[in-house]
Amino acid sequence: MVLKLHGVSFSTCTRTVAVVAKELNVPYELVNVDFAKGEHKSPAFTAVQPFGQVPYIDDDGFKLFESRAIARYLAKKYAGQGTKLIPTDPKEEAIFEQGVSIESSNFYPSAIGFGIEKVFKPMRGLTPDEARAEEHLKTLASKLDAYDVLLGKQKYVGGNEITLADLFHLSYGQLLVQAGQADLFESRPNVARWWKEISTRPSWLAVKDAA
Amino acid sequence: MVLKIYGFPFSTATRLVVFVCKEKQIPYELITIDLFKGEHKQPAYTKFHPFGQVPYIDDDGFILFESRPIVRYLLKKHASQGTQGLLPTDPQAEARAEQALSIEASSFDPNVSGIVAELYFKPQRGLSTDEANLARLKETLNEKLDAYEVILGKQKFLGGDSITVGDLAHAPYGTLLETVGQGEFFTSRPNVARWWKEVTSRPAWEAVKAECVL
């Protein structure tokens, strides 16, 4: 049975799973969750995903949520095909894990925070909290300074080869670009080089606007 | 060479690493980095940790930072000793343990750390609590823990019926939440209360609280 990805085509987390599936050459079927109708909060949905969030996968009956956990599961299950996304050598794997954690603790919170104010709120006709947006931007700037140091010593966030750690930046990075903040990447030489590489991969181009 | 942990005894991330070391009976040396003096932002430190945060480890020359990768690395390296099953190897059990760790990192940590910051760290630094932000964080945490209550009514722990590192990861910030008088988040929910008591009454966690002091 083909992998079912229950999500929303333009959702950041749904597209994260989609880009990973593409890198691994894993076919999937996007099963649309109707946000407008509140389907993600329905009993049928929350029976699988108690937090009422997208996406979740149904892999021949095995259900899993949290996009980064789904990505790991797929990368391990399909390790023999497509791009190798998780190293197997213990120390390389540890550095990969470090990269994944850097994304989730040092990039994601401010990126999504800024995205909520300057992209999602306007989309829903709400007024952004400019002070909060400004704070997130400041945090991002200082975090990306550290990224520039890191990416001067290693090619990618998780080591010298591309891994899930890099792919996890794509959806939120794109949100920042959409909100007019491409300069965050472009003004830092090592970050610019890395961002250009990962954001022009065919797998991302295939799903960046729709999973 | 014994594992070196460069951290701060009250830092939640440092405490998670110590917690796992105790569970796995891994000897370690905790070297205190003085956060109050800004030691974590000095070049001697940022040379090893470009984000200037605690902790990082030096495992016989191998440097690693970010507490969740550190504990994963230690769990895999010392798989055969100490508490078993904290990071399962069966693909589906492993996926569920990863799901639990991800829930902790995305649904628990940001809200709890935000509440603790508003109630404790900001006043400590002479800043005033942002009441609107605090209210929002509490509302979100309540929603998240309502989902935990459902999950923990069906299974013993967050990743299944056995304890995994995803459960342990809640101990440091959850304990801090109790310290700032917000324990009701746990006690008001029967399944969450049962789970929370199990996780935090582990001898290894009691040992962390006793040992990780200034």
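Please treat every number below as a calculation from the coordinates, not as lab data. Treat the numbers as computed from the prediction; the structure is a model and nothing was measured. Here the Cβ is made from the backbone with ideal geometry for all residues, glycine too, and neighbour counts use every protein chain on show.
Okay, here's what the table says:
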{"quantity": "Segment A:3-77: relative contact order in percent, alpha carbon pairs under 8 Å with at least 6 residues between", "calculated": "39 percent"}
{"quantity": "10 Å Cβ neighbours from other chains, averaged over peptide A:143-153", "calculated": "2"}
{"quantity": "Chain A - percent relative contact order, Cα under 8 Å, separation 6 or more", "calculated": "25 percent"}
{"quantity": "Partner lysines for A:K91 [C-alpha distance under 23 Å; skip if fewer than 8 residues away on the same chain]", "calculated": "A:K76, A:K77, A:K153, A:K155, B:K4, B:K22, B:K24, B:K47, B:K76, B:K77"}
{"quantity": "Cα-based reach from B:K144 at 19 Å (exclusive), listing lysines while leaving out same-chain residues under 8 positions away", "calculated": "A:K41, B:K154, B:K156, B:K197"}
{"quantity": "Size of electric dipole in the protein assembly as shown: Cβ of Lys, Arg +1 and of Asp, Glu -1, about Cα centre, debye, nearest 20", "calculated": "200 debye"}
{"quantity": "Relative contact order (percent, whole number), segment A:90-202, Cα cutoff 8 Å, 6+ residue spacing", "calculated": "34 percent"}
{"quantity": "Part-to-part distance (alpha-carbon centres) for segment B:47-86 and segment A:159-189, which is given in Å", "calculated": "26 Å"}
{"quantity": "Segment A:55-66 - phi-based ³J(HN,Hα) in whole Hz, Karplus 6.51/-1.76/1.60, Gly and Pro as x", "calculated": "x, 9, 10, 10, 9, 6, x, 8, 10, 8, 10, 6"}
{"quantity": "HN-Hα J in Hz across segment B:132-147 - Karplus 6.51, -1.76, 1.60, θ = phi - 60°, x for Gly and Pro", "calculated": "5, 5, 4, 4, 5, 4, 5, 4, 5, 4, 4, 4, 5, 6, 4, 5"}
{"quantity": "222 nm mean residue ellipticity, helices alone, for chain A (DSSP H n ≥ 4; -39,500 (n - 2.57); rounded to 500)", "calculated": "-14500 deg cm²/dmol"}
{"quantity": "For segment A:90-202, with +1 on Lys and Arg beta carbons and -1 on Asp and Glu, the positive-most of A:P109, A:Q98, A:L126 along the dipole", "calculated": "A:L126"}
{"quantity": "Per-peptide average of other Cβ atoms within 10 Å, ordering A:153-166, A:176-189 highest first", "calculated": "A:153-166, A:176-189"}
{"quantity": "Per-pair calculated FRET efficiency, R0 = 30 Å: A:F35 and A:T200 via Cβ, rounded to 0.05", "calculated": "0.55"}
{"quantity": "Estimated [θ] at 222 nm from DSSP helical runs (n ≥ 4, -39500 (n - 2.57)) normalised by residues in chain B, nearest 500", "calculated": "-15000 deg cm²/dmol"}
{"quantity": "Per-residue Cβ neighbour rank within 10 angstrom, fewest leading, B:I33, A:I70, B:I26", "calculated": "B:I26, B:I33, A:I70"}
